[in-house]
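The values are calculated or read from the model by the stated rules, or taken from the named source; none is laboratory data. As the structure is a computational prediction, the values presented were derived from the model and not from experiment. Every residue, glycine as well, gets a Cβ built from its backbone with ideal geometry; the counts of neighbours run over all protein chains shown.
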């Protein structure tokens, strides 16, 4: 099936550049100049026909791009790659904290964007029998991108997680009680090695810990083994 790539940027030259690169790579682009039009298209898309990857600029004329990223992450399903002229470290951190999977600073090479899109598309679909996992009083539903658990830990008994968080959580749940090095996680998740990947990993694990009600100084489920990686200590039941 042809991958669907949504491009949200108010610059017509950049929209054309990205759309041409996406189409040349054998994928199907859809371009939007305004957040309102983009979000309307998402609402009206038939089930299963939404974008696989969203390329989102932060400097939009009708809405802050970070608000768009936050909403996309909460709804789950599509990978999110921010493409922005904002090069400050804090902007990158904020984008990742809100649920973006990747952050590219303008100007960029189209080939780099295509490589990053393919890295997000590389994840194989989860078998139906492994779409739900139970551990430590929680249930993770990878079809609905929801986490249910004790109401004193999860607001209302349910929280949502982004695709990026889902990938990391599934990685832990597939390998409980096993040390995972950063190199192994980078290879499994398809990220680019380096400080940006390490920072993105730290941010997403921090968000997962918060949703699990973990004490950041002494987490019970996701343990940091300093200088080595992480280990998930819960018992996991799939199905």
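Observations on the model:
- Of the residues making up the range 101-114, one or more are buried (at least 19 other Cβ atoms within 10 Å of the Cβ), under 29 Å from residue 40 (Cα atoms), at pLDDT below 85 and not assigned by TED's automatic domain parsing to the domain that holds residue 204.
- Subset tally (residues that are free of Cβ contacts under 8 Å to residues at least 60 places away in the same chain, in contact with a helix residue (DSSP H, G or I) (Cβ under 9 Å, 6 or more places away or on another chain) and assigned to a helix (DSSP H, G or I)) for the range 207-234: 1
- Subset tally (residues that are free of Cβ contacts under 8 Å to residues at least 12 places away in the same chain and within 30 Å of residue 1 (Cβ to Cβ)) for the range 46-66: 3
- In the set 74, 18, 8, 55, only one residue is surrounded by fewer than 18 Cβ atoms within 10 Å (Cβ to Cβ) and either in contact with a strand residue (DSSP E or B) (Cβ under 6 Å, 6 or more places away or on another chain) or on the phi > 0 side of the Ramachandran plot (or both); that residue is 74.
- Reported count of residues in the range 78-108, each being touching a residue at least 12 places away in the same chain (Cβ under 8 Å) and closer than 27 Å to residue 159 by Cα, is 18.
- Residues that are buried (at least 18 other Cβ atoms within 10 Å of the Cβ) and more than 20 Å from residue 121 (Cα to Cα), drawn from the range 21-38: 32, 33, 35, 38
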